[in-house]
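Take a look at the structure set out below.
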Amino acid sequence: MTQSTAPRRVAYDTDEFMPAPVELPDDTVPRETTELPAPDSTRVIVIANQKGGVGKTTTAVNLAAGLAAGGLTVLVIDLDPQGNASTALGVDHESGVTGTYEVLIDGEPIERHVQSSPEAESLWVLPATIDLAGAEIALVDVPGRESKLKRAIERLIARHRIDYLFIDCPPSLGLLTLNALVAAQELLVPIQCEYYALEGISQLLRTIDLVKGSMNDRLRLSTIVLTMFDARTRLSAQVANEVRTHFPTETLATAIPRSVRVSEAPSYGQTVITYHRASAGAQAYLTAAGEIARRGATKGQ
Ligand code: ATP
Ligand code: MG
């Protein structure tokens with residue numbers, strides 16, 4: 001393990017830590033027909049909820065795998081120092097591996113640090129290591145600190161054809177999440193079907209309004225995903241009803257059931273889509289991915 005006291009560059013100047021170069025799809029190559037409809041341009045979707053453990057990462061990786069299984073090109077940016085999305089998508093992210101940190105702090109291009117996920121041919125990951133925990137502090141004195149990710153994404157999608165770009169956020173509304181909110185067009189909020197589910201959502205919405213008013217006019221809450229739905233409990237149904245009442249158009253028809261397979265998959269470095277495709281959880285995420293793709297395709301028609 002590389003200690004954080006060592007010069008950062010040393011780690012990735014050696015071949016040992018350099019991920020194999022990857023070829024993101026070129027914008028000029030005609031695409032093959034895909035099972036799911038492709039959006040006209042890249043949909044940049046931030047997955048955020050400052051409440052911890054509500055299913056942000058699980059939703060990010062499984063929707064990404066579901067869309068990639070439908071033939072679309074998907075990039076997941078892991079913006080959480082915990083690196084859970086990198087783990088679930090089976091890519092290296094031990095300390096010393098390069099990724100989101102270098103993009104945010106050193107202004108490096110995303111394509112230099114993405115890794116191909118073994119989950120699907122068209123699925124890519126910009127991994128996060130624990131070093132990212134220092135990024136909030138390292139960014140404080142940097143001019144334009146809240147738009148670092150936005151600029152990197154703009155440069156990436158000008159050159160590569162990516163259909164969906166998901167940003168998995170940490171459970172806070174700090175500078176990392178702010179970078180994601182400034183970079184994205186859409187906000188996807190996972191809401192766990194539990195008591196207190198809606199607490200904190202109003203704070204999240206106030207933050208969105210602030211970002212919209214000052215830093216990113218395009219941002220809109222496009223999607224709410226109900227997670228860990230337990231059909232046996234009245235509480236789950238009550239929470240689901242309440243969320244649908246507040247957000248009738250944003251909430252997906254598909255609720256993700258609480259399922260052991262979903263929670264087991266990351267320990268195999270997999271999404272539930274490849275770990276146990278026939279399971280209820282995998283089927284729900286595949287259906288949810290289809291809903292998102294079709295909504296995007298009909299937008300503006
Ligand atoms: P954090 O705020 O720490 O980033 P998170 O919002 O990303 O957390 P997850 O890590 O996706 O949340 O999920 C929290 C826990 O709940 C994990 O252990 C995950 O495996 C489990 N989990 C998520 N969705 C389901 C589900 N549908 N069924 C069962 N367990 C689930
Ligand atoms: Mg997470």
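Each helix, a run of at least 4 DSSP H residues, gives -39500 (n - 2.57); summed and divided by the residues of the chain, these come to -10500 deg cm²/dmol at 222 nm.
Between the Cα long axis of helix 234-246 and the first principal axis of the chain there is an angle of about 80°, rounded to the nearest 10. Normalised by 2.2 N^0.38 Å, where N is the number of residues, the C-alpha radius of gyration of segment 70-114 stands at 1.18.
Wrap a convex hull around the Cα atoms of segment 37-294, take a quarter of its surface area, and give that in square nanometres.
12.5 nm²
So between residue 217 and residue 203, what do we pick up on full extension, going 0.36 nm a residue minus the alpha carbon distance? All intermediate terms of the calculation are to be shown ahead of the outcome.
Values: separation 14, 0.36 × 14 = 5.04 nm, distance 1.85 nm.
Stretched fully, the residue 217-residue 203 segment lengthens by 3.2 nm.
Within the shell of other residues whose beta carbon sits under 13 angstrom from the beta carbon of residue 188, the net charge comes to 0, with Lys and Arg scored +1 and Asp and Glu -1.
For segment 129-232, build the convex hull from the C-alpha positions and give me its volume per residue in Å³. Don't skip to the end; give the middle numbers.
On the way: hull volume 14.6 nm³, N = 104.
Value for segment 129-232: 141 Å³ per residue.
With a cut-off of at most 15 other beta carbons within 10 Å, and DSSP calling the residue loop, which chymotrypsin sites (Phe, Trp or Tyr not before Pro) in segment 177-243 qualify? Please list them. Filter output for segment 177-243: 195, 196. The string of couplings for segment 155-168 from the Karplus curve (6.51, -1.76, 1.60, θ = phi - 60°) is 5, 5, 7, 6, 10, 10, 8, 10, 7, 10, 10, 9, 10, 8 Hz, one whole number per residue in order, with x for Gly and Pro.
Most tightly packed first, judged by the mean number of other beta-carbon atoms within 10 Å of their residues, the peptides 239-251, 269-281, 78-90 read 78-90, 269-281, 239-251. Excluding ligands, DNA and RNA, the accessible surface per residue across the chain is 45 Å² with a 1.4 Å probe. Against the main long axis of the alpha-carbon atoms of the chain, helix 280-298 sits at an angle near 80°.
For segment 37-294, give the percent of accessible area contributed by carbon and sulfur heavy atoms, probe 1.4 Å, rounded to a whole number. Don't jump to the answer; show the numbers that get you there.
Details: 5030 of 9840 Å².
Carbon and sulfur together cover 51 percent of it.
The long axis of helix 56-69 is offset from the longest Cα principal axis of the chain by roughly 90 degrees.
When DSSP beta bridges are restricted to pairs lying wholly in the chain, around 10% turn out antiparallel.
The values are calculated or read from the model by the stated rules, or taken from the named source; none is laboratory data. Note that the structure is a prediction, hence the values are computed from the model and not measured. Backbone-built Cβ (ideal geometry, glycine too); neighbour counts: all protein chains shown. Surface accessibility is based on the protein's heavy atoms, side chains included, excluding ligands, DNA and RNA. Shrake-Rupley method; radii C 1.70, N 1.55, O 1.52, S 1.80 Å.
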